[in-house]
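Beneath this line is the structure, given in structure tokens, with notes to follow.
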There are 2 protein chains.
Amino acid sequence: MIYSRDYSWETDGRGWRRHRELQPFRGMVHDIRRRLPYYWSDIQDGFNYKTFSATIRMYFVNILPALAFQLDMNHNTGGFYGINEALFSSALAALVFSLLSAQPLTIVGITGLISLFNYTIYNIIKLHDVSLYPAFMVWVGIWSAITHWMTAIFNWCDYMRYVTDYSSNTFALYVGTIYIIKGVQELAIGFYDEKHTNGFLGVVVAILYSLTVYYLEKMRTTILFRAAARDFLSDYAYPIATVFWVGFSHFPGIIGRTHIECIPITKSWYPTVPRPYVWLVEFWHLPVKWIFVALPIGMLVTLLFYYDHNLSSLTAQEKKYPLKKPAGFHWDFFLLGWTTMIAAFIGLPYPNGLVPQAPVHTDALTTYEDQVEEIRTNDGEIIVQKKIVAKHVTEQRVSHLLMGLLVIGTMSRPLLVMLGTIPRALLSGVFFVVGWGSIEGNGIINNLIYLITEERFIQPSNPLLTIQKRRILLFVSFQLFTWAASVAISQTIAAIGFPVIVTALIPFRLHSIPKIFSRRELEILDDLTATNEVVLASLGGKPVMKEAREDLREASSETSESEPRKRESGHESESGTPRDEAGLRNRGIGGHDGEKSTVDV
Amino acid sequence: MIYSRDYSWETDGRGWRRHRELQPFRGMVHDIRRRLPYYWSDIQDGFNYKTFSATIRMYFVNILPALAFQLDMNHNTGGFYGINEALFSSALAALVFSLLSAQPLTIVGITGLISLFNYTIYNIIKLHDVSLYPAFMVWVGIWSAITHWMTAIFNWCDYMRYVTDYSSNTFALYVGTIYIIKGVQELAIGFYDEKHTNGFLGVVVAILYSLTVYYLEKMRTTILFRAAARDFLSDYAYPIATVFWVGFSHFPGIIGRTHIECIPITKSWYPTVPRPYVWLVEFWHLPVKWIFVALPIGMLVTLLFYYDHNLSSLTAQEKKYPLKKPAGFHWDFFLLGWTTMIAAFIGLPYPNGLVPQAPVHTDALTTYEDQVEEIRTNDGEIIVQKKIVAKHVTEQRVSHLLMGLLVIGTMSRPLLVMLGTIPRALLSGVFFVVGWGSIEGNGIINNLIYLITEERFIQPSNPLLTIQKRRILLFVSFQLFTWAASVAISQTIAAIGFPVIVTALIPFRLHSIPKIFSRRELEILDDLTATNEVVLASLGGKPVMKEAREDLREASSETSESEPRKRESGHESESGTPRDEAGLRNRGIGGHDGEKSTVDV
């Protein structure tokens, strides 16, 4: 059985070997050893209908926001980045990651954050000499690539296993908010130069387009038609809505005569701003002083990608998806260094993992089964309910690859012209839908809804009922505060420091939150974002959170004296609780908790 | 106890007395004798919070569509009818019906159908001599008033008790469709004279306004906040949304500079087209020939109102509302003759019962209680559900009267100016919400949804499961055919014949449908629109439908010989089935069914 191989290469840590950062390349090597045996099946499994529908869905979900971000960047970087750059960067990322990555489910492309980053840097450079911008961006990329590789070599991605819903929900809410804001800004651009008719028509198209996609995607959850028809409408929500509303916005008559503003296109295959060496940027002309200025900024890019890319990879492999093939965070981050480097040299925005879109790809590849759940009441009546069960994920590389080829195809003249018929306002609609996808159903929003729900109508089985409401409010407030701070900072030139805030969420959750909330509260309010063993193996296995560890220590110090000593001695303990099973490795971050190490898986 | 009085004045029919049409004035007299004792309580019960919220809600729901229809009429009748006519007519109807009617719950005002009627007549007159129009409309009203009175005197409204969901759902779906069409047409007017910016802004405002009202009204059905807060948001959905979006559409900046087109207002208190005798139309100048042409048209108006007004009254007193005070269809139809006459003389559109709005008034006056329903499953788990129970309807005249006074107030200059700040597009939003209210949840739509629902997810307790799907489809097809024919004819000059189609639905349901469907099928697919005894008493009590009668006859001819003879002799039978209880009186309509009469209540 291809799926029954062993994922756990790293269960033999003793002495200094416990410290994975002291074993360079170990994570990457194990990632390859784990995933490579599946490479052939990654291709074989791709000859599947699910692959086809996922390719189409991801093409739309990936490319339309990328174009929108690109327009935004174009507007804010003096026209340096354009459509061709966005397409090229997306295609490059898709080819590299579909063919070489350990986890081809994680879609890599242009994010809103890199676009924010790029024009924040532009604004900073503009204060000095704007002509330095292209070469400066190459050096930012070079430094960033180097720090990417270091991160991968020293297994620093391990730290991502501590990511819980606390930070991933906060980040998802932040990204969703940014998407909605971008959608509104994009609509506002439609009104520039007194083109009010265009602006208002754009608002109409954006609203109707997003409602169409939203309700088509919701079809799967209804009980209308047969399961196959529901799946069809949901799978092709984007193409259906796009074809319809693009047609609508060119309809002869008042709408046609409005000549709605479409996506601007330039010469195929060439950079937006012509350069002497076609795509290559003349990075060697940058003054040495500036090369060093690029270092800290490159590190910030790495920090951003560290969080953003790995989180999108984690959410693409979230606990709700029944994944069978192993992940490889270290190897993928190493690859990301390469795409950053290549993108830098040829003047593209650096691609990385797409937070709201990553789980969409896995979702598109998941075979859901609609089951009938019969509830027998005490009165002898039967109530039926629909239950959607994720049966299987078609884990393969083909959909990612095909999507990449489609993007390359889009760079050719005929398809580029077709792209030029899409109204800009439609991109706002994409922002609304994709952004809303991160907001609706987000744990933070669910907790807020719980707080305002009338108590007598809450299901008695809801575990939140065992916690005081003000404790839930406090927990949510921490998240909302971070969210609000992130949104606010994104609107300023300080946006460049934003990765520090989001990355700081991980140690904050790990060390400070358990001081405020009890273990029981955290077990109900929070959970690891990914719990699947095949996913966490790459990061050193499932961690034990601080609050659980302390409880364990208390419990053991009460019952036995030898137990804590044995645990503190750093040797392997055979007698963990089930929760302890997956192991924990303390790597010195926050040594104040006094515990050195426990179980090693 | 004021509510315990006897409603059944007419249980003593014997011989010729069985024929109520042979007892002129009997219906009206009994209506008064039944309702008059409640007059004082109708005022006392009005000093209630529910009255206040219902007044506000009805003011918006009544006046905004009336204005929109008026604009439509204004556009299509060469400017003869204007805002002042709409307000005056609504106020006249509200004052007369709130103070004098037997059923003050039924809101009377300007409907889309009368506006359709008025401009269809205008188009016909225009073929000859358009200057005759005002005087001609007076004569139509005079003839119509006379036929109204005849209808009331000879108790012809009795026939309305046979109205079942079959025809009332078809009509509601038709009216809902017309409302939506009007909403779209109204938005299209925003684009006239190349005012495209205004047009598109109008579309935006209309969509957002209708979504706001729709979701605010839905608040009541959620489990968010406390019951009082939910009720508040739902009760004041219209005022909240109207104030917000009127403000929005005048917001300084791009929107403000667009100067969205608002409701056109004219001089307060005066007719839109100045006339020699202020409001009075010079009807005495009409050539005698035309007076007689007005007769058949007046009769068509009466037929329209016969169906439209009585149906709106029936739906305002539908089975789901726990009404305690008696209705009075004959007396109210007599009053309607008077308002038609008065409106005709002073050149107003004739008011009558508003189909989509009538149940809104009762709904606004109903005190709902949110109850927790606990379902205990066999596994010992408890699932809680919210159940909304209609506890009590505040039946009184005060809300109707206050609404009328508000409408009069609106005719004064300051309020009229305020009205002039409402964008025309907002009226489209009102059309969408009110029209959608007749479509969503309509029995026809519910059956269609049932037909496309995947069978395994249908609740086993659903009675429709006992009928073949193609039988349900056939039943719905009859309704959809009538609906489509009505919608189509409304777009043509033949619209004037439309009342014949809808009124024909009653005998069609009574005589032809039972030949196609079995009693069991009809009992599941159809039901009387109003089943409450206090409502049906005015119409001669609850009828036995043909399909039930025939089954009864068959059953009795099988079991006993004397029973059918006794029934056919026309004497009272003591031994009805429970369904027979409410009695049946055959008044010769459709004598082909061979049965002369059965039980007399």
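The values are calculated or read from the model by the stated rules, or taken from the named source; none is laboratory data. Please read these numbers as outputs of a predicted model, since none were measured by experiment. Neighbour counts run over all protein chains shown; Cβ positions are idealised from the backbone, glycine included.
Structure values in brief
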item: Top-ranked residue in the range B:167-197 [being buried (at least 23 other Cβ atoms within 10 Å of the Cβ) and within 14 Å of another protein chain (Cβ to nearest Cβ); ranked as modelled with the highest pLDDT]; result: B:Leu187
item: Filter result for the condition that a residue is surrounded by 20 or more Cβ atoms within 10 Å (Cβ to Cβ) and either touching a Lys or Arg at 6+ places or on another chain (Cβ under 6 Å) or among the polar types (S, T, N, Q) (or both), over A:Ser144, A:Ser131; result: A:Ser144
item: Which numbered condition B:Ala228 fails, given (1) loosely packed, with under 15 Cβ neighbours inside 10 Å; (2) more than 13 Å from chain A (Cβ to nearest Cβ); (3) over 30 Å from B:Leu528 (Cα atoms); result: (2)
item: Unique match (being within 14 Å of chain A (Cβ to nearest Cβ) and assigned to a helix (DSSP H, G or I)) among B:Leu465, B:Leu480, B:Leu473; result: B:Leu465
item: Per-region count, the range B:205-219, residues within 21 Å of B:His361 (Cβ to Cβ) and either aliphatic (A, V, I, L, M) or more than 12 Å from chain A (Cβ to nearest Cβ) (or both); result: 6
item: Residue within the range A:291-305 that is within 14 Å of another protein chain (Cβ to nearest Cβ) and among the small types (Gly, Ala, Ser) present; result: no
item: Answer residue from the range A:377-392, given it is within 9 Å of another protein chain (Cβ to nearest Cβ), out of contact with any helix residue (DSSP H, G or I) (no Cβ under 7 Å at 6 or more places or on another chain) and of a type in the set (D, E, K, R) and is surrounded by the fewest Cβ atoms within 10 Å (Cβ to Cβ) among those; result: A:Asp379
item: Residue that is nearest to A:Met73 (Cα to Cα) [pool: residues in the range A:349-376 that are within 14 Å of chain B (Cβ to nearest Cβ) and among the β-branched types (Val, Ile, Thr)]; result: A:Val372
item: Candidate set: the range A:422-435, residues that are part of a helix (DSSP H, G or I) and within 14 Å of chain B (Cβ to nearest Cβ); chosen: the one surrounded by the fewest Cβ atoms within 10 Å (Cβ to Cβ); result: A:Phe432
item: Selection from the range B:407-419 of residues that are more than 13 Å from B:Gly247 (Cα to Cα) and surrounded by fewer than 20 Cβ atoms within 10 Å (Cβ to Cβ); result: B:Ile408, B:Gly409, B:Met411, B:Ser412, B:Arg413, B:Pro414, B:Leu415, B:Val417
item: Failed criterion for B:Leu113 (all others in (1) buried (at least 21 other Cβ atoms within 10 Å of the Cβ); (2) modelled with pLDDT of 90 or more; (3) within 30 Å of B:Ala530 (Cβ to Cβ) hold); result: (2)
item: Answer residue from the range A:253-287, given it is outside any helix (DSSP H, G or I), within 14 Å of chain B (Cβ to nearest Cβ) and not charged (D, E, K, R) and is nearest to the chain's Cα centre (by Cα) among those; result: A:Ile260
item: 2 or more residues hydrophobic (A, V, I, L, M, F, W, C) and farther than 21 Å from A:Ala495 by Cβ: qualifying helices (runs of 4 or more DSSP H) within the range A:120-230; result: A:133-153, A:196-218
item: Residue match in the range A:500-512 (condition: at pLDDT 90 or above and farther than 19 Å from A:Cys157 by Cα); result: yes
item: Some residue of the range B:219-230 being within 22 Å of A:Leu208 (Cα to Cα) and in contact (Cβ under 8 Å) with a residue 40 or more places away in the chain; result: no
item: Test for A:Ala485: is it without any contact (Cβ under 8 Å) to a residue 40 or more places away in the chain and either away from every other protein chain (no Cβ under 14 Å) or not acidic (Asp, Glu) (or both); result: yes
item: The range A:441-462 - residue that is in contact with a helix residue (DSSP H, G or I) (Cβ under 9 Å, 6 or more places away or on another chain) and more than 14 Å from chain B (Cβ to nearest Cβ) and, of those, farthest from A:Ser234 (Cα to Cα); result: A:Ile444
item: Residue, farthest from the other protein chains (Cβ to nearest Cβ), within the range B:242-252, restricted to residues that are in contact (Cβ under 8 Å) with a residue 40 or more places away in the chain and part of a helix (DSSP H, G or I); result: B:Thr242
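Per-residue answers, yes or no, for (1) touching a residue at least 60 places away in the same chain (Cβ under 8 Å); (2) assigned to a helix (DSSP H, G or I); (3) out of contact with any Ser or Thr (no Cβ under 7 Å at 6 or more places or on another chain):
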site: B:Phe292; (1), (2), (3): no, yes, yes
site: B:Leu295; (1), (2), (3): yes, yes, yes
site: B:Phe305; (1), (2), (3): yes, yes, yes
site: B:Leu314; (1), (2), (3): yes, yes, no
site: B:Pro322; (1), (2), (3): yes, no, yes
site: B:Asp332; (1), (2), (3): yes, yes, no
site: B:Ala344; (1), (2), (3): yes, yes, yes
site: B:Pro356; (1), (2), (3): yes, no, no
